[in-house]
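The values are calculated or read from the model by the stated rules, or taken from the named source; none is laboratory data. Remember, it's a predicted structure, so these values are computed and weren't measured experimentally. Note that each Cβ is placed from the backbone with ideal geometry, even for glycine, and that neighbours are counted across all protein chains shown. Each accessible area value is taken on the protein alone, full model and side chains, heavy atoms only, with ligands, DNA and RNA left out. Shrake-Rupley method; radii C 1.70, N 1.55, O 1.52, S 1.80 Å.
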Amino acid sequence: MEPLIKSNDLLYCNSLTSYSRRKTIPVKVGDVYIGGDNPIVVQSMTTVDTMDTQGSVEQCIRMIDSGCQLIRITAPSIKEAENLRKIKNELRKRGYQTPLVADIHFTPNAAEIAAKIVEKVRINPGNYADKKKFEVIEYTDESYQEELDRIRERFLPLVKICKEHGTAMRIGTNHGSLSDRIMSRYGDTPLGMVESALEFLRICEDENYHDIVISMKSSNTQVMVQAYRLLVQKLEEGGFKPYPLHLGVTEAGEAEDGRIKSAVGIGTLLEDGLGDTVRVSLTEDPEFEAPVAKALIDRYTNRSRHQEIDVIQDYPIKPFEYTKRSSAEVYNFGDHNVPRVITDISRIEKITEKEMKAVGHFYLPELDKWKMNDQGCDFVYSGSNSIPFMLPNGMKEIQNFEVWDEAPDQKNKFPLFTWGNVQSASVFHEALNFLELLDTEVEEAIPFLQNQTNWVVILKTNNTHAMPALRAAFVKLLKVSCTIPVVVKVSYTDQSADKTMLYAATDVGGLLVDGLGDGIMISMEKEAAHERDEMLEQIKLHNSVSFGVLQAARTRMSKTEYISCPSCGRTLFDLQETTAMIRKRTDHLKGVKIGIMGCIVNGPGEMADADYGYVGSGKGKITLYKGKEVVKRSVPSEKAVDELIEIIREDGQWIEPETI
Ligand code: SF4
């Protein structure tokens, strides 16, 4: 095995600059292998009631047809575990060999039955042998050991069955459902998540059972990325085998938000060669998940052929905790300012006021006023197509230097220089200038950048291993303590909206989760010419993806965050419909996090850091939460959204929606 990167005593991937997958042991799951030299496996989970055999089979087939190579089905009790046999038999009868995974929470007896039927069992170490009481208990070393002995006794029968039947296992830690024991000792931290899995892993290794895959999921992308990295390091340090990793972000949500959040977490790890199987969890039908996972994975098929990146010695970034790179305040960039959004409109000639709605700014002609929604960009880049009208106060224009140099109003517009023309220029803006730099130009530009007080860098790369190439450029700045603010610019050749979301979320989100970047710009420069309307649609997408990436990386909250579970056989209401209904009434509440969970068994734990929770607690009944505290129980579902809004109102967080 290649040595993992060792820098400042940190080990978590083979290389920070050269793409290579972490070498893991292969784990056999039916006919599919996870890890080793095998391609990354796509998996997903059914949402139909497990007791509905036909419904489950039909859904499995739709999932397989959409590219799913492994299917997880919930088994909340013995009867569902037993019904897995019927589902499996029917699938095999219809010619589908796709391996099945039983999803277990709280019920070891269901796990022991399922392990004799399906090819893999997923256990959650937070609730396999523990009931959550949200208690903080002071453990002595002896009482902690007694707890571990109790877990061993509860868990050992399953390990023996798996070993005997050749059944694989996922030890799947969830940030939101750590046991009281782990919480008491390690807190709600990446280390707690890792230790939660290691408690179970040690028991497996003692029994010489190694058919194990591990996951560290969270709906918080920073925590999720840190936990997986720390897991790899702890496995290495502890002399464990290099077990394959199952990557996922829990409760990512739906549509654009769900895709972006998944890509920020999963993509960041894939960039560093971590991950052997991927599940994207969206609040949508499960057949929509596999194509997203595949689009994320496919980027790495030929990645090892990327252009060389300078090797990093002494890595200055802390991979297990979030630290923002310190940057000086220039105009409204850097330091404590939120990361800025620069939207590229340079392909549109003579843009009109009306068309600025694509970047979140709305002109009201009857009032001759501007309004802005939550995604009103901070700057527009007009290139050589100067904007022919006055902009609202909240938005500024960036022009190519040659255009700005000739402009009658140089004060309210800002010039963009390239490394080629900055050295010969003699006129600059007194408050704010932009310098576009390639990653490969950074070293040469450092003497110029040092101690500048009115410059912002727009950093881009042509390297196909984009995120690590940009990260290496940041490292060069960090090493010389250059604090110039840096906006990350990415551009893609014509591709689907989904791919733009996933790629930008990976390339920029991967930097933001490590505290790198003072802004984002998705450029149009690599796109072919299109009709004006198509280009405006593209601009609208880039603008909203930019805000989505900043939010998913938890660096700028511009909209309400929905932490909705993907639903499964336990779900007590139509999650998609309910999420849409709640979103319709609350999506103007900037920065508020609302958990929407299908069941009371796992929901409260899984919604982790939500401010309010809407949780199914019975047929047609909803329990409402403020943080982790139950505020109203068994509210009839017809009244539950109104009651939720009432709770938000009483908490002083409600604002009336504005109409634009
Ligand atoms: S929270 Fe949602 S996905 Fe998780 S077990 Fe409950 S219904 Fe299933």
When you look at THR560, is it under 23 Å from the mean Cα position of the chain (by Cα), closer than 23 Å to GLY376 by Cβ, open to solvent by less than 20 Å² (accessible area, probe 1.4 Å) and of a type in the set (Ser, Thr, Tyr), yes or no?
-> yes
Considering only region 181-230, how many residues are closer than 21 Å to THR323 by Cβ, among the hydroxyl-bearing types (Ser, Thr, Tyr) and either assigned to a helix (DSSP H, G or I) or open to solvent by 40 Å² or more (accessible area, probe 1.4 Å) (or both)?
-> 4
What residue, among those in region 628-646 that are of a type in the set (A, V, I, L, M) and either farther than 22 Å from GLY591 by Cβ or within 16 Å of the ligand (Cβ to nearest atom) (or both), is surrounded by the most Cβ atoms within 10 Å (Cβ to Cβ)?
-> ALA640
LEU572 passes all but one of (1) open to solvent by less than 10 Å² (accessible area, probe 1.4 Å); (2) within 16 Å of the ligand (Cβ to nearest atom); (3) without any contact (Cβ under 8 Å) to a residue 60 or more places away in the chain; which number fails?
-> (1)
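For every residue, the table says whether it meets (1) in contact (Cβ under 8 Å) with a residue 12 or more places away in the chain; (2) hydroxyl-bearing (Ser, Thr, Tyr).
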{"site": "GLU164", "(1), (2)": "no, no"}
{"site": "TYR186", "(1), (2)": "no, yes"}
{"site": "ASP211", "(1), (2)": "yes, no"}
{"site": "SER218", "(1), (2)": "yes, yes"}
Residues of region 492-515 classified as open to solvent by less than 20 Å² (accessible area, probe 1.4 Å), part of a helix (DSSP H, G or I) and not polar (S, T, N, Q), total | 10
State the number of residues belonging to region 231-252 that are hydroxyl-bearing (Ser, Thr, Tyr) and open to solvent by 10 Å² or more (accessible area, probe 1.4 Å).
-> 1
Within region 333-345, can you find the residues that are of a type outside the set (Asp, Glu), buried (at least 20 other Cβ atoms within 10 Å of the Cβ) and on the phi < 0 side of the Ramachandran plot?
-> PHE333, PRO339, ARG340, VAL341, ILE342, THR343, ILE345
Check on MET169, modelled with pLDDT of 90 or more, among the hydrophobic types (A, V, I, L, M, F, W, C) and outside any helix (DSSP H, G or I) | yes
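Based on what the data block shows, is ASP533 open to solvent by 20 Å² or more (accessible area, probe 1.4 Å), within 25 Å of LEU178 (Cα to Cα), charged (D, E, K, R) and more than 16 Å from the ligand (Cβ to nearest atom)?
no
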SER143: open to solvent by less than 50 Å² (accessible area, probe 1.4 Å), small (Gly, Ala, Ser), touching a Pro at 6+ places or on another chain (Cβ under 9 Å) and assigned to a helix (DSSP H, G or I), yes or no?
-> no
Selection from region 603-627 of residues surrounded by fewer than 18 Cβ atoms within 10 Å (Cβ to Cβ) and within 15 Å of the ligand (Cβ to nearest atom) yields GLY618, LYS619, LYS621
Which one is farthest from GLU349 (Cα to Cα) among residues in region 393-450 that are of a type in the set (Phe, Trp, Tyr) and in contact with a helix residue (DSSP H, G or I) (Cβ under 8 Å, 6 or more places away or on another chain)?
-> PHE448
Has region 456-477 got at least one residue that is touching a residue at least 60 places away in the same chain (Cβ under 8 Å), more than 25 Å from the chain's Cα centre (by Cα) and more than 20 Å from LYS324 (Cβ to Cβ)?
-> no
Search region 576-602 for residues being at pLDDT below 85 and near the ligand (Cβ under 8 Å from one of its atoms), and hand back the single one that is surrounded by the fewest Cβ atoms within 10 Å (Cβ to Cβ).
-> VAL601
Of the residues that make up region 5-15, is at least one modelled with pLDDT under 95, on the phi < 0 side of the Ramachandran plot, touching a Phe, Trp or Tyr at 6+ places or on another chain (Cβ under 6 Å) and open to solvent by 10 Å² or more (accessible area, probe 1.4 Å)?
-> yes
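Does VAL380 satisfy the criteria of being in contact with a helix residue (DSSP H, G or I) (Cβ under 7 Å, 6 or more places away or on another chain) and either surrounded by fewer than 19 Cβ atoms within 10 Å (Cβ to Cβ) or closer than 30 Å to PHE448 by Cα (or both)?
yes
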Selection from region 59-91 of residues that are within 27 Å of the chain's Cα centre (by Cα) and away from the ligand (no atom under 16 Å from the Cβ) | CYS60, ARG62, ILE64, ASP65, SER66, GLY67, CYS68, GLN69, LEU70
